[in-house]
Amino acid sequence: MQDKNINLTDAEWNVMECLWEKSPRTGRETVEYLNEKMGWSRSTTLTLLRRMEEKGAVSSELVDNITMFSPSIRREDAAVQETESFLDRVYNGSLHMMLSAFTKKQNLSKAEIEELHAILDEMEAKAHD
């Protein structure tokens, strides 16, 4: 995980999805993609890219007078960071409370329950090492 916490807004998540899907992308490719997916204007997309570059989520490189954009953070790192933020904000940092709330409202399949057991068994084994 990165040393620096980068909190992404919903709009920034859309930009990151675009760049995680294919990278690097030119500014034009990014504008066209987000116009098609989100209906955003050129100026909206370019403003977001500039702000995200300032916060360290996106990097750019000039190649043959064309600006190429790439994500500076991995999807996995951003997802973990977002999950930790959500857990802290909504469940006061309690994974137990979150799992309890989800499992009470949603029926889990036998395969999902087995997967959760396997995760817990693995965590227990690591705790005893």
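The values are calculated or read from the model by the stated rules, or taken from the named source; none is laboratory data. Remember, predicted model here, so these are calculated numbers, not experimental data. A quick note on method: Cβ atoms are made from the backbone with ideal geometry, for glycine too, and the neighbour counts reach across all protein chains shown. Calculation scope for accessible area: heavy atoms of the full protein, side chains included, ligands and nucleic acids excluded. Shrake-Rupley method; radii C 1.70, N 1.55, O 1.52, S 1.80 Å.
Data table
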{"quantity": "Which listed residue is within 20 Å of the chain's Cα centre (by Cα), open to solvent by 80 Å² or more (accessible area, probe 1.4 Å) and within 30 Å of ILE113 (Cβ to Cβ), from GLU84, GLU54, GLU21", "calculated": "GLU84"}
{"quantity": "From the options ARG42, ARG28, residue that is in contact with a strand residue (DSSP E or B) (Cβ under 9 Å, 6 or more places away or on another chain), open to solvent by 100 Å² or more (accessible area, probe 1.4 Å) and not small (Gly, Ala, Ser)", "calculated": "ARG28"}
{"quantity": "Scan of region 52-71 for residues that are without any contact (Cβ under 8 Å) to a residue 24 or more places away in the chain and under 15 Å from ILE6 (Cα atoms), ordered by number", "calculated": "GLU53, GLU54, SER59"}
{"quantity": "ASN14 being open to solvent by 30 Å² or more (accessible area, probe 1.4 Å) and at pLDDT below 95", "calculated": "no"}
{"quantity": "Selection status of GLU61, part of a helix (DSSP H, G or I), more than 17 Å from the chain's Cα centre (by Cα) and modelled with pLDDT of 90 or more", "calculated": "no"}
{"quantity": "Residue within region 65-75 that is open to solvent by less than 70 Å² (accessible area, probe 1.4 Å), assigned to a helix (DSSP H, G or I), in contact with a Leu (Cβ under 8 Å, 6 or more places away or on another chain) and not polar (S, T, N, Q) present", "calculated": "no"}
{"quantity": "Which numbered condition MET97 fails, given (1) aliphatic (A, V, I, L, M); (2) at pLDDT 95 or above; (3) over 16 Å from the mean Cα position of the chain (by Cα)", "calculated": "(2)"}
